[in-house]
1. How are the alpha carbon pair distances in the chain distributed across 10 Å bins from zero to the largest one, expressed in percent?
2. By average Cβ neighbour count within 10 Å, what is the ranking of 48-58, 289-299 from highest down?
3. Please report the projected area of the stretch 279-342's Cα convex hull averaged over all directions, in nm².
4. Accessible area per residue of the chain at 1.4 Å probe, in Å²?
5. Stokes-Einstein at 4 °C, 1.567 mPa s, Kirkwood radius from Cα pairs: D for the stretch 71-214 in µm² s⁻¹?
6. Using +1 at the C-beta of Lys and Arg and -1 at the C-beta of Asp and Glu, which of 118, 95, 46 has the Cα lying farthest in the positive direction of the dipole of the stretch 41-128?
7. With the full set of protein chains in place, find how many percent of the accessible area of the stretch 273-365 is carbon and sulfur; take the probe as 1.4 Å.
8. If you rank 175, 156 by how much accessible surface each has, with a 1.4 Å probe, what is the order from largest down?
Amino acid sequence: MKIPEARGPASTALFALLTEAPGTLGTRPCGRTADDRTLDDGTAALHRAVTGQLAATPDIIGDDDLQLTLFCLYELHYSGLEGVSDEWEWAPGLIQVRHLLEKPFESALRLAAREAAGELELPAASRPTSDAVADVLFSLAARDTGPSLSRYVAKKASLDQLKEFLIHKSIYQLKEADPHTFAIPRLAGRPKAALVEIQADEYGGGRPERMHSALFARTLRGLGMADEYGAYVDSVPAVSLAAVNLMSLFGLNRRLRGAITGHLAIYEMTSSQPNRLYGSGFRRHGFDAAVTHYFDEHVEADAVHEQIAGRDLAGGLVEAEPGLLGDVLFGATAAMAVDGRLSAHLLQSWENGGTSLRAAVPAAA
């Protein structure tokens, strides 16, 4: 991915640092308090910028500068950033800054998740069965009362709004499944097998042209849009980045392995019907199966995946480790909270006759 445009002091400091070669790596413990004397890989200025922005922001989930900074720090663990040395991935100073951002981000997510959960009825047994865990997740998915973006897309969205919708989705969909894949080595037995089964489908069953990310790229091309990963990062607001950052937070931290399984479970459980409606919205504008295949594929696949994710993945994990029930539910409710906030942003922007994007959209190559 190309380095995006900076959005404030934190991302400006990060991008300035990443264009340089890494200094001495691995000589300082990540947990130390950072200042000019202890950060030996050039990250002191970045640390000061992030600390200042954290102190100034009332809402880390909606902060463009901090969400972009965290997004690009995470990107070092995926396909990297163009022109940036791979040695930066595990530079102690950058990991330290990442942790500095993750703590308040996780706190904000937990607050949003509690509000989304409401009076959630938990399994009564001290060692809940996989079916009991799945039942809680299915009940959570069924009572989702967030704004229905899918119904708006199906019945009302203009062609320009359909393109905006795809731009927001592209931030994750062009690397679909990757954050969840980080959980595979963190699981064992039944939940591990379930996750591998789901991921195999997400990656096209060994056929690259059937990978879900490739199907989404085909949808973009069908509307004359850019299909390169990260092409639209500059155009989306903080909440779109936050929806992806929470997946990376869960996937890259072993202590949150329950949260990433709960996240995937609720995604699969709330996917089939919305994708049916999304496909209808594109067909309403005259697009054929070359464009709608991505959505149609998810209608079918996710109807199967929801059972595997709910019972064998999330349920199987809690059966094996009952103490992770809270984290499983945190992952599910945090996903619903942030996605609901993103949907509300799109709908409010469109119903007011405006755009949901923060910057002009680059022309496709």
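1. 5, 24, 33, 26, 11, 1, 0
2. Final packing ranking: 289-299, 48-58.
3. With the hull built on Cα positions only, its mean projection is 5.5 nm².
4. 42
5. 67
6. The Cα lying farthest towards the positive end belongs to 118.
7. It is 52 percent, rounded to a whole number.
8. Highest to lowest solvent-accessible surface, that is 156, 175.
The values are calculated or read from the model by the stated rules, or taken from the named source; none is laboratory data. Keep in mind that this is a model prediction, so the values were computed, not measured. A quick note on method: Cβ atoms are made from the backbone with ideal geometry, for glycine too, and the neighbour counts reach across all protein chains shown. Heavy atoms of the whole protein, side chains included, go into the accessibility calculation; ligands, DNA and RNA do not. Shrake-Rupley method; radii C 1.70, N 1.55, O 1.52, S 1.80 Å.
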